[in-house]
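The block underneath contains the structure these notes are about, expressed in structure tokens.
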Amino acid sequence: MTQTKNPKKWLVATLILLTSSLSLSLCTALTLKEAAVADPVKQVSKKEKLPSSVANAILRIASQRTGLQASQLRIIKYEQIYTNGCLNLPRPAEGCTKINMPAWEVTVKARQQSLVYRSDRNGSRIRLNEAASSIVDAKLPKSVVSAVLQDATQNWGLPANTGRIVNAKQTGWAYGCEVSTFPHPCDPVVVEGWQVTVESGQKRWIYNTDKVGSQVQLYQRESQPNEAKKLPPAVAEQVLKLASEHLTLPISQLLITQTQQQTWSNGCLDLPSPVERCMSAQTPGWQVTVEGKPKQYQVYRTDKSAEQIRTEAIGDMPPRKDSLPNSIAKVVLQDASKQLKVPTSQLYILEGRSQMWSNTCFDLPGTENSCAQAMVAGWRVAVDGNGKTLVYRLDRSGSRFKVE
């Protein structure tokens with residue numbers, strides 16, 4: 001190398017060369033590092049538009065389902081989501097990859113129907129989200145619509161002239177006894193017909209019917225926002241189970257309408273029976289209101305985990321901790337009130353349980369020919385009033401009873 005005559009210029013040139021080499025090395029290292037840690041799944045931009053391949057595929061499937069031309073359908077909403085390999089809509093016994101992958105949820109308007117589809121990124125896999133869709137089969141008879149709306153209005157609190165059919169599909173459903181006739185099991189019969197969903201405001205009524213609407217049965221009620229979601233699942237489950245026994249209604253027909261966290265001053269949830277001692281300790285828990293049929297409510301108190309549940313006094317019914325049907329409790333309390341000359345509000349059911357009797361006299365003494373030998377399902381109930389106790393034996397319906 002020939003040494004320059006000007007040392008300062010030589011030094012500046014050398015520094016520039018070294019700086020350029022260092023910059024190039026750093027850029028190369030950073031590029032390699034970024035490539036090594038990059039997420040293999042491309043992150044979806046929130047501003048990304050629905051691909052035409054997805055839109056066309058969904059409209060084609062919706063057209064086949066509804067019988068409408070694609071020109072009669074309209075995509076009214078779409079959003080980017082992440083799902084598993086089954087689009088979070090698994091089929092029975094289907095194995096689904098657990099890796100979250102970008103997908104689309106698309107809502108299609110088809111006259112009075114609203115169809116919600118999920119699709120992978122390119123439209124090669126598409127599934128209908130039936131739970132989020134409003135699908136009304138065009139073959140739904142007017143007689144079924146009329147029967148469902150009439151029953152919901154007369155028996156289940158649907159305001160008159162407000163209900164609209166948002167879902168209807170042909171289905172088969174099992175019909176049997178609504179409440180088990182212990183000890184005999186129900187013998188359900190499969191009925192071919194319809195499942196119809198009625199909506200009004202924030203409430204839904206889901207019905208099963210036969211083909212023409214001559215037989216209708218409320219299958220489930222729903223309310224949004226659902227108060228039950230505020231409760232721990234174990235508490236909601238235990239409260240609804242007890243309410244089902246009290247009101248003799250399936251759990252699916254009950255609604256939790258109000259919940260509130262409370263702290264009770266003792267272990268009896270501030271509702272002690274006359275014959276128990278309560279631990280004096282602050283007991284956190286819940287106050288829960290459950291609706292059965294219209295104007296039919298039960299208010300429950302629980303501890304934090306629902307190991308303890310008690311029923312508040314409602315109307316002429318005193319506080320309770322038993323699981324008797326309300327109809328049986330009323331029969332016993334009304335008779336005990338007359339015999340003990342105490343208002344029903346001052347009585348307390350100490351115990352109530354199912355019982356089998358070996359004759360029609362409930363295994364109590366009777367006249368020689370008055371007791372038939374037959375197994376009789378019923379109840380045994382103990383009632384306290386001002387320190388006096390009466391013990392009742394009843395048949396299953398409460399229409400016949402005797403006092404021990």
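The values are calculated or read from the model by the stated rules, or taken from the named source; none is laboratory data. Quick caveat, the model's predicted, so the values are computed rather than measured. Because the Cβ atoms are built from the backbone with ideal geometry, glycine has one as well, and the counts that use them run over all protein chains shown. The protein model used for the area step is the full one, side chains on, heavy atoms only, and it has no ligands, DNA or RNA in it. Shrake-Rupley method; radii C 1.70, N 1.55, O 1.52, S 1.80 Å.
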Report summary line: Net charge (Lys, Arg +1; Asp, Glu -1) of residues whose beta-carbon lies under 10 Å from that of residue 104, residue 104 excluded, is -2
Query raised in the report: Which whole-angstrom value gives the distance between the alpha carbon centres of the stretch 264-304 and the stretch 325-404?
Result: 25 Å
Report task. Work out, step by step, the length gained on full extension between residue 287 and residue 174: first 0.36 nm times the residue separation, then minus their alpha carbon distance; give nm to one decimal. Result -> 37.2 nm
Query raised in the report: Quick one: how many lysine pairs in the stretch 271-400 have C-alpha atoms under 28 angstrom apart, if they're 8 or more apart or on different chains?
Result: 17
Query raised in the report: If Lys and Arg each add +1 and Asp and Glu each add -1, what is the summed charge of the other residues whose beta carbon sits under 11 Å from the beta carbon of residue 291?
Result: +3
Query raised in the report: Can you pull the accessible area of residue 107 for me, 1.4 Å probe, Å² to the nearest 10?
Result: 20 Å²
Requested in this report: Between residue 265 and residue 60, with labels modelled 7 Å along Cα→Cβ, what's the label distance in nm to one decimal, could you check?
Outcome: 7.2 nm
Query raised in the report: Can you work out the FRET efficiency for the pair residue 403 and residue 192, with r the C-beta to C-beta distance and R0 = 60 Å, to the nearest 0.05?
Result: 0.75
Report task. Sum up the charges of everything whose Cβ sits under 13 Å from the Cβ of residue 209, counting Lys and Arg as +1 and Asp and Glu as -1, but leave residue 209 out. Result -> -1
Requested in this report: May I ask you to give the solvent-accessible area per residue for the stretch 221-321, in square angstrom, as obtained with a 1.4 angstrom probe?
Outcome: 51 Å²
Query raised in the report: Between residue 276 and residue 345, what is the spin-label point distance in nm, taking each point 7 Å from the Cα along the Cα→C-beta axis?
Result: 2.3 nm
Requested in this report: From largest accessible area down, sort 63, 133; use a 1.4 Å probe on the protein chains.
Outcome: 63, 133
Query - Length released on extending from residue 124 to residue 229, taking residue separation times 0.36 nm less the Cα-Cα span - result: 34.2 nm
Query raised in the report: What is the stretch 148-269 by shape, rounded, prolate or oblate, if you read a ≥ b ≥ c off the alpha carbon gyration tensor as root eigenvalues and call it rounded for a/c under 1.5, prolate for a/b larger than b/c, and oblate otherwise?
Result: oblate
Report task. Can you figure out the FRET efficiency of residue 211 with residue 296, using R₀ = 35 Å and their beta-carbon distance, to the nearest 0.05? Result -> 0.65
Query raised in the report: Between residue 142 and residue 330, how many nm apart are label points set 7 Å from Cα along the C-beta direction?
Result: 3.9 nm
**Report entry** Heavy-atom SASA rank of 128, 333 (probe 1.4 Å, accessible area, largest first)
**Finding:** 128, 333
Report task. Kindly provide log₁₀ I(q)/I(0) values, in the same order as q = 0.11, 0.16 Å⁻¹, from the Debye equation applied to equal alpha-carbon scatterers of the stretch 280-404. Result -> -0.46, -0.85
